[in-house]
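Read the structure below first, then the notes.
The values are calculated or read from the model by the stated rules, or taken from the named source; none is laboratory data. Keep in mind it's a predicted model, so treat the numbers as computed, not measured. Note that each Cβ is placed from the backbone with ideal geometry, even for glycine, and that neighbours are counted across all protein chains shown.
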Amino acid sequence: MTRFVELGRGQNEDPVDDLLVFLDEAWLAIRKAVVRVFFFELWTMALRRPAIEGMVKQMYSEYQASLAAILRRVNPALTDAEAGVLARLICSWTEGALVMAHWGGERVPSLSLLSIRMKSASLALVGVANPAARR
């Protein structure tokens with residue numbers, strides 16, 4: 001989680017680079033079966049144990065807040081509410097990809113293709129001109 005918080009504070013001169021690194025880091029985790037299984041176990045435990053539920057809520061709050069901070073730097077015209085909604089949407093994509101990567105079967109496109117498309121879509125959502133050139 002620390003890496004995402006650092007990116008949220010700004011690690012690169014260009015905030016678009018922070019966004020791209022943020023997404024790359026998320027996809028590196030999604031690619032690892034052991035990470036996916038860990039999150040499935042964590043989510044299950046959070047349903048039954050209030051302390052773990054609180055930890056998961058805090059983790060996702062920090063994750064989304066870090067991404068929202070990046071999005072606001074990429075596009076300063078976004079309101080806090082808009083950046084929060086976009087951050088939640090992008091986080092939902094990564095979490096959904098985690099599930100699909102694990103159980104989607106052979107019909108799921110390659111994670112590399114999904115990653116490229118998600119980066120382009122994320123850049124377009126935030127208002128970056130010509131997102132295809134930024135991948």
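What to note about this one:
- Test: residue in region 101-120 that is modelled with pLDDT of 90 or more, out of contact with any Lys or Arg (no Cβ under 9 Å at 6 or more places or on another chain) and of a type in the set (Asp, Glu): no
- Looking across region 60-87 at every residue that is loosely packed, with under 15 Cβ neighbours inside 10 Å and not β-branched (Val, Ile, Thr), the one that is nearest to Ala101 (Cα to Cα) is identified as Tyr60.
- Any hit, region 56-68, residues being free of Cβ contacts under 8 Å to residues at least 12 places away in the same chain, more than 21 Å from Phe4 (Cβ to Cβ), of a type in the set (S, T, N, Q) and assigned to a helix (DSSP H, G or I): no
- Of all residues making up region 90-111, the number that are in contact with a helix residue (DSSP H, G or I) (Cβ under 7 Å, 6 or more places away or on another chain) and part of a helix (DSSP H, G or I): 9
- Residue ID - farthest from Leu23 (Cα to Cα), chosen from residues in region 69-89 that are part of a helix (DSSP H, G or I) and touching a residue at least 40 places away in the same chain (Cβ under 8 Å): Arg73
- Residue selected from region 1-57 under the condition at pLDDT 95 or above and acidic (Asp, Glu), by the criterion nearest to Thr94 (Cα to Cα): Glu41
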